[in-house]
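Asks: Attaching a single structure in C-alpha cells format; questions to follow.
The values are calculated or read from the model by the stated rules, or taken from the named source; none is laboratory data. Everything numeric here is computed off the predicted structure, so don't read it as measured data. Note that we place each Cβ from the backbone using ideal geometry, even for glycine, and neighbour counts take in every protein chain shown.
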Amino acid sequence: MSPKRTTIIVVIMLFTLVFLRYINHSEEIKPNKPFSTFPKKIGEWEGKEGRFDQSVYDALGVDDSYLGHFHTPDGRYVQLYVGFYQSQKEGELIHSPKNCMPGGGWNITGTSIVELNIPGNVPSNIDVIRLDLLNGRERQVAFYWYQSRGRFVISEYWEKIYLVIDSITKRRTDGSFVRLIAPVINNDEEKALADLKDFASQLVPVLQEFLPE
C-alpha cells in the first residue's frame with residue numbers, strides 16, 4: 001500500500017472517531033418540502049413515481065426519498081432516485097452505488113467525471129460521477145453525486161470528511177444522494193449520455209427547492 005493511500009486511510013479513520021464522538025449532538029434536519037410533493041414534470045420530462053421493495057428502503061435507512069421514471073414525448077427515458085437522510089448516525093450512512101450496483105447484478109465497466117452546465121442560482125457548473133454499467137447484454141449509463149448541506153460532492157472520501165467537519169461546526173449530519181440512470185439502446189452510448197445531461201441540468205434547480213442548504 002502506498003504511503004499516500006495509507007495517509008488517506010489514517011486521516012479518514014481519525015475523522016471517523018471524532019465523528020462518532022459528536023454525532024449524537026447533531027440536529028435532525030428535514031427536507032424543505034417532502035418528496036411526496038416532487039413535481040411530475042421537469043421541462044419536457046414527464047415523471048411517474050415508482051417504488052423499490054420495502055427491503056431496499058430498510059437497507060438504505062433513508063428518511064425521505066423519491067424514485068421516478070421520466071419520459072419525453074420522443075421516447076427518451078431516465079430513472080431518478082433521491083435519498084435524503086435527516087441524520088447520519090453509525091450504520092445509517094449514505095451507501096455508495098459502487099458497492100450497491102454490483103450487488104444488484106450490474107458490473108461497473110467504467111467510471112469517470114462529467115461536468116454539467118446548470119442554469120439558475122446554483123453553481124453554473126458542477127461535476128458528477130459517471131458509471132458505465134453492464135448486466136448480461138444490457139447496458140446503462142448512470143450519473144450520481146452527493147448533495148449535502150449546500151455542497152455538491154463526488155468523492156466518497158470527501159463526503160465523509162465534510163460530514164465530520166459539519167457535525168462539529170454546524171451540528172448537522174443531514175445529506176442526500178442523487179442518482180440518474182439511462183439505458184443504452186442500440187449501443188448508442190452517446191445518446192444515453194446526452195439524455196442524462198439534459199435531464200440533470202433541469203433537475204438540479206428543482207432539487208434546490210427540496211434539499212436544505
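Asks: So, in the range 174-210, of the ones that are outside any helix (DSSP H, G or I) and crowded, with 21+ Cβ neighbours inside 10 Å, which residue ends up farthest from the chain's Cα centre (by Cα)? Full working, then the answer.
Replies: Here is the first cut: in the range 174-210, the ones outside any helix (DSSP H, G or I) are 174-188, 208-210.
Filter again for crowded, with 21+ Cβ neighbours inside 10 Å, leaving 174-178, 180-182.
On the way: Asp174: 13, Gly175: 10, Ser176: 6, Phe177: 3, Val178: 3, Leu180: 8, Ile181: 11, Ala182: 15 Å.
Here the answer is Ala182.
Asks: Taking the condition without any contact (Cβ under 8 Å) to a residue 40 or more places away in the chain, farther than 22 Å from Gly61 by Cβ and hydrophobic (A, V, I, L, M, F, W, C), does Leu193 pass?
Replies: Numbers: without any contact (Cβ under 8 Å) to a residue 40 or more places away in the chain: no; farther than 22 Å from Gly61 by Cβ: yes; hydrophobic (A, V, I, L, M, F, W, C): yes.
Considered against the rule, which asks whether it is without any contact (Cβ under 8 Å) to a residue 40 or more places away in the chain, farther than 22 Å from Gly61 by Cβ and hydrophobic (A, V, I, L, M, F, W, C), Leu193 comes out as no.
Asks: What is the number of the single condition among (1) in contact with a Phe, Trp or Tyr (Cβ under 7 Å, 6 or more places away or on another chain); (2) modelled with pLDDT under 85; (3) of a type in the set (S, T, N, Q) that Asn135 does not meet?
Replies: For Asn135, the exception is condition (2).
Asks: Can I ask one more? For the range 149-173, which residues satisfy the criterion of being in contact (Cβ under 8 Å) with a residue 40 or more places away in the chain and under 13 Å from the mean Cα position of the chain (by Cα)?
Replies: Ile154, Glu156, Glu159
Asks: Criterion first (among the β-branched types (Val, Ile, Thr) and surrounded by fewer than 20 Cβ atoms within 10 Å (Cβ to Cβ)) does Val114 satisfy it?
Replies: Details: among the β-branched types (Val, Ile, Thr): yes; surrounded by fewer than 20 Cβ atoms within 10 Å (Cβ to Cβ): yes.
When the stated conditions are applied, Val114 passes them.
Asks: Here's a follow-up. I'm trying to understand the selection: among the residues of the range 149-197, which are among the aliphatic types (A, V, I, L, M) and touching a Leu at 6+ places or on another chain (Cβ under 6 Å)? If you could, list the steps in order and put the result at the bottom.
Replies: Residues of the range 149-197 among the aliphatic types (A, V, I, L, M): 153-154, 161, 163-165, 168, 178, 180-182, 184-185, 192-194, 196.
Scanning the range 149-197 gives Leu180, Ala182, Leu196.
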